[in-house]
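Participant: Take a look at this one; I'll ask things after.
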Amino acid sequence: MLKLAYDKMAAPSVNVCVESVIEHQIQEVNYDGQEIYVAPLSMSENLSKLAYKIDFFKDESEEKGKPTSEGEKETDEDKVLAPFQPSLWPWDSVRNKLKGALTEMSVLYDVLNIAKEKHYMVTDPVSQEAPELKASLQMLAKKKSLVAASQILSAGAERLKRVQAEMASNTQENFLMELLKLRKLWRLKKVHNTILGELSYKSAGSRFWQGGTFEVLKTSDLVAEGEVNTRSSSLDVSIPSELEGVAYIQVEVNDVPNLMDITSATLKMPAGLGTMPPDAYWQQRLEVAQNVLFCKELFAQLAREAVQIKGSTPHMVIGNQILTNVFPGVQLSIILCHYTGKEKKVALSSHKLEHNHVLEHSLHQLLRRVHDRNLNYSPPHPVNAMLGMTKRRRLAGPVATSRQELMEMSHSESLLEQILKQTKHSVLRLRTMRVIDQLAVTIQDPQICAHWSCLNNSLESSVRISFTCYGYEIIRNSLVLLIGTDSIRVVMKDGRVCSLSFEVTELRDLIQWQICQHQTMCVLHLAKVQGWTVLSMINNSGHADMEAYGTSSTVMLASPRGNVTMAFHSNPVSGQRLAVKKAELGGEVHGSPAVTAAKWAGLSGDYEEVNLQQLEGRNLVGKIDMLMARLNTS
């Protein structure tokens, strides 16, 4: 419906309704004269068609202020010429703004309802024909894209090359960065135009006389003109000649003949330690040089103590080697091995070097403990007390300590004495292991099992030895060995304690004697189970012939019926013997009043020895068990 506006001078405006003719467009006319009409558009299709005709890209802001007809021009002139009329009441402008806001909100609400509810209007997309794409245009667009990408990559590569060239040419900046890293790891100081560093452990408590000063240099100053600098680092260090090369402390524990003099040992210099390459990194060179200085300090301390200490065994210092006797026939060698690469190559001897890494590590720990004790004193430390004095010495006056106790306080073990004690314990522990393993292999009955404790220290360790028989594991006997520096303490199952020396023969004899005790205890257990009576039992019997070592254990049993008497004899040298005697119960009873039962009347008489090798059974306890069971039924 359209509203027509007439001229202002004409009659009043009248609303005229203009409608389209209700006719459909003819799509096709058949040969018989029938007309086929086009289906009328729906309201949504008609709206979509009209919306498609609108050009939304056209700017109509300039046309909004222009009049479209003569009537509009006149009304605009009237509006301009009309004088300003004030509002009738003061809230007129507020009412107009609120009314305009209400109108806009109403319109927005209607639009949202139309778009959300879908009851009033449906928006369908307008189909457009796809434009034709030409292959030449696509190829041109791809070429342009590739050219742009290649330009970006080329620019980045050139930038990286330029940065690398700047870093390679700027050696001064690299030198300063490495110097900063060196300063974080080592002590440096500047003397005039020279930068010096320190390798010694004086800041950690060392009192060694030899210093370890090195000089910091720039690699560009070391390269001659015309030569190419092939070193990866722009910083180099100059190490003193006495600290060059590779060094370590070699500790050997060797068995020597008893008649051999300690001074007859030959000096050994192991070859093939390896050299430090000249182009090595400065950090690696400094660490190796500091290790050389540490090894020299350690060897100098041990050599000084070997000369000063007066002990029962002499200590010899020959060149770069310290020799001392640990046990008779056992020698300890401490060698300072320093290889600079300038020595003459010596053919390797057939003697295999048995380097003890554990003792070497212990030497390093002992020296570092000395450094720590020199630097750190025992707290708390009074202000008026002498530096380095322990708490016990500070309290010696108030508690009236005697002279003997003061002498004991002042005495402290040297590094050589401590390493000798550790070496003795190590040798004694290895000997004990060897003896137990040999007995466990040679003696099959009973079974020997050793349980070594993991909670040990460098001067004491313990092992529990258990004896069991196959099939009779419930019968168990055990003993504990406490291995010290030069003696072994043995704790029996019943709580008895005995001390052994460092001789392995004593330990072997003790274990074999304990095996005899275990077999006797097994026989007693079998007698208890089968109802036999124990007539006598002696752990350490003095009867029979004297053996080379050990004592015999004897036990005498009587059967439940009293007609059989069995005697068992066990010795670590002669072995085990079993004798049986049978008595007739129907005989005359002895007239003595001391004999109260018939079973006691058969104690006298001759015993018949049993050949244990011919009895059936897997082990000795099994054979005796079968024999006792058979004698019960006889």
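The values are calculated or read from the model by the stated rules, or taken from the named source; none is laboratory data. As the structure is a prediction and not an experimental result, all values here were calculated from the model. Backbone-built Cβ (ideal geometry, glycine too); neighbour counts: all protein chains shown. Surface areas here come from the heavy atoms of the whole protein model, side chains and all, with no ligands, DNA or RNA. Shrake-Rupley method; radii C 1.70, N 1.55, O 1.52, S 1.80 Å.
Participant: What's the ranking of 391-402, 413-424, 463-474 by average number of surrounding C-beta atoms within 10 Å, highest first?
Facilitator: Descending mean neighbour count gives 413-424, 463-474, 391-402.
Participant: Another question, if that's okay. What is the sum of charges, Lys and Arg at +1 and Asp and Glu at -1, for the other residues whose Cβ falls under 10 Å from the Cβ of Leu631?
Facilitator: So the surrounding residues net to +3.
Participant: Also, I was wondering about something else. Sorted by accessible area with a 1.4 angstrom probe, largest first, how do Tyr52, Tyr248, Tyr31 fall?
Facilitator: Per-residue accessible area, sorted high to low, gives Tyr31, Tyr52, Tyr248.
Participant: Another question, if that's okay. Would you calculate the separation in nanometres between label points at His451 and Leu395, each defined as 7 Å from the Cα along the Cα-to-beta-carbon direction?
Facilitator: Here the modelled spin labels are 3.9 nm apart.
Participant: Return the distance in nm (one decimal) between the two label points of a simple spin-label model at Met433 and Glu35, each offset 7 Å from Cα along Cα→Cβ.
Facilitator: 12.1 nm
Participant: Going down the table (Lys181/Lys218; Lys49/Lys116; Lys202/Lys296; Lys528/Lys582; Lys189/Lys218; Lys528/Lys623), which pairs top 18 Å between alpha carbons? Walk me through the numbers on the way to the answer.
Facilitator: Numbers: Lys181/Lys218 14 Å; Lys49/Lys116 22 Å; Lys202/Lys296 14 Å; Lys528/Lys582 20 Å; Lys189/Lys218 16 Å; Lys528/Lys623 16 Å.
Among Lys181/Lys218; Lys49/Lys116; Lys202/Lys296; Lys528/Lys582; Lys189/Lys218; Lys528/Lys623, the Cα-Cα distance tops 18 Å for Lys49/Lys116; Lys528/Lys582.
Participant: Using the per-residue mean of other Cβ atoms lying within 10 Å as a proxy for protection, in what order, highest first, do the peptides 132-138, 455-461, 211-217 fall? Spell out each step's value before the answer.
Facilitator: Numbers: 132-138: 8.3, 455-461: 13.3, 211-217: 18.0.
Most protected by this proxy first, the peptides run 211-217, 455-461, 132-138.
Participant: May I ask you to derive the FRET efficiency for Val94 and Ile114 from their Cβ-Cβ distance with R0 = 41 Å, giving the value to the nearest 0.05? It would help to have the intermediate numbers written out before the result.
Facilitator: Working: r = 31 Å, r/R0 = 0.75.
Efficiency, from the Cβ-Cβ distance: 0.85.
Participant: Given a Förster radius of 25 Å and the C-beta distance between Glu132 and Tyr52 as r, what FRET efficiency does 1/(1 + (r/R0)^6) yield to the nearest 0.05?
Facilitator: Working: r = 21 Å, r/R0 = 0.85.
Efficiency at R0 = 25 Å is approximately 0.75.
Participant: Please report the accessible area of Met407 (heavy atoms, 1.4 Å probe, ligands and nucleic acids excluded) in Å², nearest 10.
Facilitator: 100 Å²
Participant: Let me ask something else. What does the charge add up to near Phe214, with Lys and Arg as +1, Asp and Glu as -1, over the other residues with Cβ less than 13 Å from its Cβ?
Facilitator: Values: positive: Arg187, Lys189, Arg285; negative: Glu198, Glu215, Asp236, Glu242, Glu244, Glu287.
Summing Lys/Arg as +1 and Asp/Glu as -1 gives -3.
Participant: If you take the charge dipole of the range 456-553 about its Cα centre, with +1 on Lys and Arg Cβ and -1 on Asp and Glu Cβ, which of Ala527, Val480, Ser552 is farthest toward its positive end?
Facilitator: Going by the charge dipole, the pick is Ala527.
Participant: Roll a 1.4 Å probe over the protein heavy atoms and report the accessible area of Tyr339 in Å², nearest 10.
Facilitator: Counting only protein heavy atoms, Tyr339 exposes about 40 Å² to solvent.
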